[in-house]
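Here is the structure we will look at, set down as structure tokens.
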């Protein structure tokens, strides 16, 4: 009896101790190793990394692809009988370039999803002192920046890129850069416009014109063809597409510790979004899955929607389909100002708590390599590099990209606004209880806004 | 006349039940067929039975790829580990509680019974906090400060041992009570010590209840997708059901990758082990639920 | 003398047994207590603090979190929704599983197969099977709406309506848990002495009377068990909501437990999560007690 208990206890003890010990040992050796390389790196920034024989372990989402992901990309392309997409080519190129330029980097290319999932992962890793070498993201990167979680970017990186692509911390230092990003444009299907008796060469310039044209397409479509409007997906995809329209009216949702859903101009915009939603087949404009909407717009045979608000990358799918389409800047409201929003951006930054920061920045330098960046141009997404924004020499025939670069040139396009407290929850309310509710129900807009305003004010208190 | 009526009733019953069975199994059929498609075909399909034009098995093999293998192994390891300990603890505690007389026994019994009705909402978030502050783990000092404790640490899948096991202790205890003491007394008179009595006399007679405990814990642990989902972020340290959980929850979010066939392929693979456990130990699993209901 | 000596020996034997028992039991109980009793204590304190769990120390803020909870409608609404949505899931499950148990309580060679089949949805984790529902419920090109369209019916935009989302949450919940509940009912039905029915038949009791006077009293204990455990279960139900509706449309199917999860594990707002957990836990225990009281009172009346 006693023997058995003793054995059992011993087993448990041994297990716990080895587990403990192993964990600790790992930790200490890792930190030691990393400390050593950091000191080396600070002494002799890039050289040290190249000559050092010691492996530097770097963990990075949205930088490159591991062997298996590359294989999957190739398999997918083969299964669908097409070439590798420009974005796959870019990531494979980055992977190869890192392997070639920095053979001592032991890269762990992780796939932590996108949006909420990615945010949650990175946040918990950073908070727990286990920061990855690079953090990536779109809507939540300004929050990281404003909470001082990111290291300022080296000057050489800042000099390379257009200021629209940077995010600044509260001290005004650029801390994060998008290696690609786009702005919203209005795409339209010329064939459908022609069929509805409209002039396909004369796209709408104002909200009213757009609404009239869209209504006309819907009316003549007999429930088969639709005009299309402003999408209001119940997640960040919705607020991203709605924000340019608010900015054109000269308003935004607020930011910092304020929320201004009670602004009449904002409610007017919501009314416009609701009116335009009637030009979508029911359930398409505010589905959590964006996929069906884009495929309804861009499929050659099944294209049933005349207008789509999307980033300039949409062009890629349209070109491949050999489809008669056009593109223009977003229509403006009466007395409105030009406004847009960064979209499809992949911002990257280095957490202040990351190890081997200089090596982390080297990864960003590879991401901004001018040859690799050309892949984004091919996809129809503007590159962050000044050389490709300021001159259209690389894409003389590409009207879409030229329109997008034109919007970006001023360097004043911003991403979604951010809130200082409970940012994720506030956006959740805006996305679901304001935007989605506007298009899903017929509740009075001021009621929707007042309810959400009260709830958000509570969160910002 | 009566006979004819009875016969028609029986046929109606069989048909009704078959319809029900089809309804109950339909999602599995759907995922299996869906997994045979590629992402693009599936997206364009929108039918109740996604029969592929050309069947592909790539999505099933995904569970055995470099991403899929570590979670698969973790799931097996975790299931084995908890099944072993649950059975062992149930035997040890259940035997002692049933056969020994000692002060405070009632107190333990009350603890066991009360533990089964505590709502788990009371412990979910505090457990998360505790894991993150556990001393000596994940860079924490003895005060539990400085590190991240068991969050994102694979040990979180093996160390915790909550009071869920006490249900099995209780069941083993009940089962011991229905076994006459004579056998053990006879064995003791024959000079068997505690361990021999337990392994040679008691356990062989308790095989059914042990099977109940083992099968139910194995099934429960395999299907516990939420613990790894909550504590572990890296797929390679996680379990297969938790990995599927990550994919499934992101279906509602902006995260672009809505690869249903891949999700279904992984799901089909991860159902196989619990299905086998269930088919082989069906009798015991059902007995476990039923007896939990009757005795609990 | 002899008597006294014997008593002493008995005592020592008892003492020895007790020592042995503690040697076995205590280590296990202590270990289990660390992982379950300790969080219970931490949980009660957590609600009074402001704490993000991963860096820094908890800051004592008194009743602030509870004031936030009761001060705005948001949390209260979620609590109420947790109760009625959980209640609907529970009622649907109890009723349907009872009917299923009656249907399975028939001697037939296929019974084993049917019993296995209805149980199978439960052996797959919720996360594993929810994807099918999402794919079918896509309002635009989901399987169900495409099927309706092919029949010439109007598609239903599921995600616009609270009613339909709650409906599908209930369907998913019941689909997963009807099997085990039916098997518990079945165990209860079969444990009722068959001779009672024989006797009733001889006395000329009708089928309805048999059910009323034999079946229902015989199942009192089982029904109490199913109701109580089910009650505790649905008051903490949120994985189904997270997977099927994500709280949509516009937060109309959001429940308190899901909010607690998001507050705690996603926003790291442990204080608020702790306070909400405490309230939800207490409400659950309270409801369970009331239910228990009503059931046991009914017992005494019989």
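The values are calculated or read from the model by the stated rules, or taken from the named source; none is laboratory data. Worth saying up front: this structure is predicted, and the values here are computed from it rather than measured. Cβ sites come from the backbone with ideal geometry, for glycine too, and all protein chains shown count toward neighbours.
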* Asked: Within the group A:451, A:428, A:455, which residue is more than 28 Å from the chain's Cα centre (by Cα), within 11 Å of chain C (Cβ to nearest Cβ) and not in a loop (DSSP other than H, G, I, E, B)?
  -> A:451
* To do: Identify all residues within the range B:189-235 that are touching a residue at least 60 places away in the same chain (Cβ under 8 Å) and within 11 Å of chain A (Cβ to nearest Cβ); write none if there are none.
  => B:198, B:230, B:231, B:232, B:233, B:234, B:235
* Structure fact -> Apart from one, (1) more than 30 Å from residue C:28 (Cβ to Cβ); (2) away from every other protein chain (no Cβ under 12 Å); (3) crowded, with 17+ Cβ neighbours inside 10 Å all hold for residue B:68; the odd one out is (2)
* Asked: Looking at (1) touching a helix residue (DSSP H, G or I) at 6+ places or on another chain (Cβ under 7 Å); (2) more than 9 Å from chain B (Cβ to nearest Cβ); (3) not in a helix (DSSP H, G or I), which is the one condition that is false for residue C:224?
  -> (3)
* Flag if residue A:189 is assigned by TED's automatic domain parsing to the domain that holds residue A:268, farther than 20 Å from residue A:244 by Cβ and exposed (fewer than 15 other Cβ atoms within 10 Å of the Cβ) -> no
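Which helices (runs of 4 or more DSSP H) does the range A:51-142 wholly contain that include 2 or more residues that are under 22 Å from residue A:374 (Cβ atoms)?
Values: elements: A:67-79, A:86-101, A:116-127.
Once the helices (runs of 4 or more DSSP H) in the range A:51-142 are filtered for at least 2 residues that are under 22 Å from residue A:374 (Cβ atoms), what remains is A:67-79, A:86-101.
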* Asked: For residue B:114, all conditions in the list (1) within 21 Å of residue C:32 (Cα to Cα); (2) in the same structural domain as residue B:225 (by TED's automatic domain parsing); (3) in contact with a helix residue (DSSP H, G or I) (Cβ under 9 Å, 6 or more places away or on another chain) hold save one; what is the number of the exception?
  -> (3)
* Asked: Just to be sure, is residue B:60 in contact (Cβ under 8 Å) with a residue 60 or more places away in the chain, part of a helix (DSSP H, G or I) and over 29 Å from the mean Cα position of the chain (by Cα)?
  -> no
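Conditions tested, residue by residue: (1) at pLDDT below 85; (2) within 30 Å of residue A:461 (Cβ to Cβ); (3) facing chain B (nearest Cβ under 9 Å).
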| residue | (1), (2), (3) |
| --- | --- |
| C:3 | yes, no, no |
| C:13 | yes, no, no |
| C:52 | yes, yes, no |
| C:60 | no, yes, no |
| C:72 | yes, yes, no |
| C:96 | no, no, no |
* To do: Answer yes or no as to whether residue B:156 is touching a helix residue (DSSP H, G or I) at 6+ places or on another chain (Cβ under 7 Å), farther than 30 Å from residue C:262 by Cβ, within 14 Å of chain A (Cβ to nearest Cβ) and at pLDDT 80 or above.
  => no
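Tell me, yes or no, whether the range C:130-145 has at least one residue that is within 14 Å of chain A (Cβ to nearest Cβ), within 20 Å of residue B:219 (Cβ to Cβ) and in a helix (DSSP H, G or I).
Within the range C:130-145, the first condition is being within 14 Å of chain A (Cβ to nearest Cβ), and the residues that meet it are C:130-131, C:133-145.
Filter once more, keeping what is within 20 Å of residue B:219 (Cβ to Cβ): C:130.
Going one step further and asking which of them are in a helix (DSSP H, G or I), we end up with C:130.
Yes; the residues of the range C:130-145 include at least one that is within 14 Å of chain A (Cβ to nearest Cβ), within 20 Å of residue B:219 (Cβ to Cβ) and in a helix (DSSP H, G or I).
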* To do: Mind listing whichever residues of the range C:93-122 are within 16 Å of the chain's Cα centre (by Cα) and within 27 Å of residue B:217 (Cα to Cα)?
  => C:93, C:94, C:96, C:97, C:122
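Any residue at all in the range A:172-182 that's closer than 20 Å to residue A:339 by Cβ and outside any strand (DSSP E or B)?
Narrowing the range A:172-182 to residues closer than 20 Å to residue A:339 by Cβ: A:178, A:181-182.
Now narrow it down to the ones that are outside any strand (DSSP E or B): A:181.
Checked the range A:172-182: at least one residue is closer than 20 Å to residue A:339 by Cβ and outside any strand (DSSP E or B).
Yes/no matrix, rows are residues, columns are (1) assigned to a loop (DSSP other than H, G, I, E, B); (2) facing chain C (nearest Cβ under 8 Å); (3) at pLDDT 90 or above:
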site: B:28; (1), (2), (3): no, yes, yes
site: B:90; (1), (2), (3): no, no, yes
site: B:96; (1), (2), (3): no, yes, no
site: B:101; (1), (2), (3): yes, yes, no
site: B:112; (1), (2), (3): no, no, no
* Which condition does residue C:286 not pass, out of (1) at the interface with chain B (Cβ under 10 Å from one of its Cβ atoms); (2) out of contact with any helix residue (DSSP H, G or I) (no Cβ under 8 Å at 6 or more places or on another chain), if it passes all the others? -> (1)
* Inspect the range C:99-107 for any residue being within 12 Å of another protein chain (Cβ to nearest Cβ), more than 30 Å from residue C:207 (Cβ to Cβ) and in a helix (DSSP H, G or I) and give the result as yes or no. => no
* Structure fact -> Scanning the range A:371-407 for residues that are surrounded by fewer than 21 Cβ atoms within 10 Å (Cβ to Cβ), out of contact with any strand residue (DSSP E or B) (no Cβ under 9 Å at 6 or more places or on another chain) and in a helix (DSSP H, G or I) gives A:371, A:372, A:378, A:387, A:390, A:402, A:406
* Filter the range A:327-370 down to residues that are touching a residue at least 24 places away in the same chain (Cβ under 8 Å), under 22 Å from residue A:91 (Cα atoms) and not in a loop (DSSP other than H, G, I, E, B), then give me how many there are. => 16
* **Candidates B:250, B:238, filtered to the one that is at pLDDT 85 or above, over 30 Å from residue C:220 (Cβ atoms) and more than 9 Å from chain C (Cβ to nearest Cβ)** => B:238
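Report whether or not residue A:152 is in the same structural domain as residue A:356 (by TED's automatic domain parsing) and without any contact (Cβ under 8 Å) to a residue 24 or more places away in the chain.
Details: in the same structural domain as residue A:356 (by TED's automatic domain parsing): yes; without any contact (Cβ under 8 Å) to a residue 24 or more places away in the chain: yes.
For residue A:152, the condition - in the same structural domain as residue A:356 (by TED's automatic domain parsing) and without any contact (Cβ under 8 Å) to a residue 24 or more places away in the chain - is met.
Yes/no per residue for (1) touching a helix residue (DSSP H, G or I) at 6+ places or on another chain (Cβ under 9 Å); (2) buried (at least 18 other Cβ atoms within 10 Å of the Cβ); (3) part of a helix (DSSP H, G or I); (4) not assigned by TED's automatic domain parsing to the domain that holds residue C:91:
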| position | (1), (2), (3), (4) |
| --- | --- |
| C:211 | no, no, yes, no |
| C:250 | yes, yes, no, no |
| C:253 | yes, yes, no, no |
| C:258 | yes, yes, yes, no |
| C:265 | yes, yes, yes, no |
| C:290 | no, no, yes, no |
* Structure fact -> Within the range A:261-283, restricting to residues that are assigned to a loop (DSSP other than H, G, I, E, B) and free of Cβ contacts under 8 Å to residues at least 40 places away in the same chain, the one that is farthest from residue A:422 (Cα to Cα) is A:282
* Residues that are within 14 Å of chain A (Cβ to nearest Cβ), part of a helix (DSSP H, G or I) and surrounded by fewer than 18 Cβ atoms within 10 Å (Cβ to Cβ), drawn from the range C:147-163 -> C:148, C:149, C:162, C:163
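Take residue B:47 and decide whether it is assigned by TED's automatic domain parsing to the domain that holds residue B:225, assigned to a loop (DSSP other than H, G, I, E, B) and surrounded by 13 or more Cβ atoms within 10 Å (Cβ to Cβ).
It is false that residue B:47 is assigned by TED's automatic domain parsing to the domain that holds residue B:225, assigned to a loop (DSSP other than H, G, I, E, B) and surrounded by 13 or more Cβ atoms within 10 Å (Cβ to Cβ).
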